[in-house]
Amino acid sequence: MDTPEARTGRDAGCSLMEQVAFGGGCHWCTEAVFHAIRGVSEVDQGFAASLAPDDAFSEAVRVTFNPAEVALENLVRVHLATHASTAKHSMRGKYRSAIYCLSLSQAQQTNRIVKEITQETGTEFVTRVLHLAGFRHSDERFREYYKTDPERPFCRTYIDPKLALLRRNLPELLKDRVTT
């Protein structure tokens, strides 16, 4: 199993990069969304687990980003805007709405950010801030799903609207070409 500690930029000798993981909807969608964000260098598609009672693996992506180019706050805003972050639906076991943090300080910062966005928008999010205890990659044939064929019906139906929402509401966060 791939551990968060093994994948942090600091452990790899690159002190500028940070990681955080996001779960909410289908990881194909989440992967495409974060590939589109400026300052994100890598998006690992897979399954994340936290500590009990959230220790079952759930679809997620692990994002490596440069905080000098994109703030954690902006990544959280993107995440909350691009999945059903307010819905208490029956598929939350497979699609846990969560932000998985790698350190206590990152979790404290993320909780503060979610609280600020909640107050700012008046929205009640089901998204939880959790510790990233484990991460497994999805099968290689499913990785970079959107990038390999954006014309697929799934991509047109579910991913394109999320990218359009980003172009409309958060264009300053996007890479020059949002074709991921």
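Observations, loosely collected:
- Solvent-accessible heavy-atom area per residue, rounded to whole Å², over the chain at 1.4 Å: 50 Å²
- Calculated [θ] (222 nm, deg cm²/dmol) that DSSP helices of n ≥ 4 give over the chain, each run adding -39,500 (n - 2.57): -8500 deg cm²/dmol
- Candidate values [x] 10, 40, 40, 10, 0; [y] 9, 30, 28, 18, 11, 3, 0; [z] 10, 36, 33, 17, 4, 0, label of the one derived for P(r) over Cα pairs in 10 Å bins from 0, in percent: [x]
- Sequence-distant residues sharing a close amide H with GLY134 (under 5 Å, placed H): ALA49
- Using C-alpha pairs under 8 Å with a sequence gap of at least 6, the mean separation divided by the residue count of the range 12-64 gives a relative contact order of 44 percent.
- Cα centroid separation - the range 46-103 against the range 139-179, whole Å: 17 Å
- 3J(HN,Hα) along the range 155-172, derived from phi through the Karplus expression 6.51 cos²θ - 1.76 cosθ + 1.60 where θ = phi - 60°, amounts to 5, 4, 6, 10, 8, 3, x, 5, 5, 5, 4, 5, 4, 7, 9, 9, x, 5 Hz, with x in place of Gly and Pro.
- Computed lengthening from THR157 to SER41, 0.36 nm per intervening residue step minus Cα-Cα distance: 39.2 nm
- Note on ASP176/PHE142: beta-carbon distance plugged into 1/(1 + (r/R0)^6) with R0 of 30 Å gives a FRET efficiency of 0.70.
- When peptides 126-133, 52-59 are sorted by average Cβ neighbour count within 10 Å, with the highest value leading, the order is 126-133, 52-59.
- Qualifying GluC sites (Glu not before Pro) in the range 113-153, where qualification requires a DSSP coil assignment and no more than 12 other C-beta atoms within 10 Å, comprise GLU124, GLU151.
- Each of ARG167 and VAL126 was given a label point 7 Å from its Cα along the Cα-to-Cβ line. The distance between the two points is 3.0 nm.
- 30 Å Cα-Cα reach of LYS175 towards lysines, excluding residues that sit fewer than 8 places from it in its own chain: LYS94, LYS115, LYS147, LYS162
The values are calculated or read from the model by the stated rules, or taken from the named source; none is laboratory data. All values derive from a computational prediction rather than experimental measurement. Backbone-built Cβ (ideal geometry, glycine too); neighbour counts: all protein chains shown. Quick note on the areas: whole protein, heavy atoms, side chains included, nothing else; ligands and nucleic acids left out. Shrake-Rupley method; radii C 1.70, N 1.55, O 1.52, S 1.80 Å.
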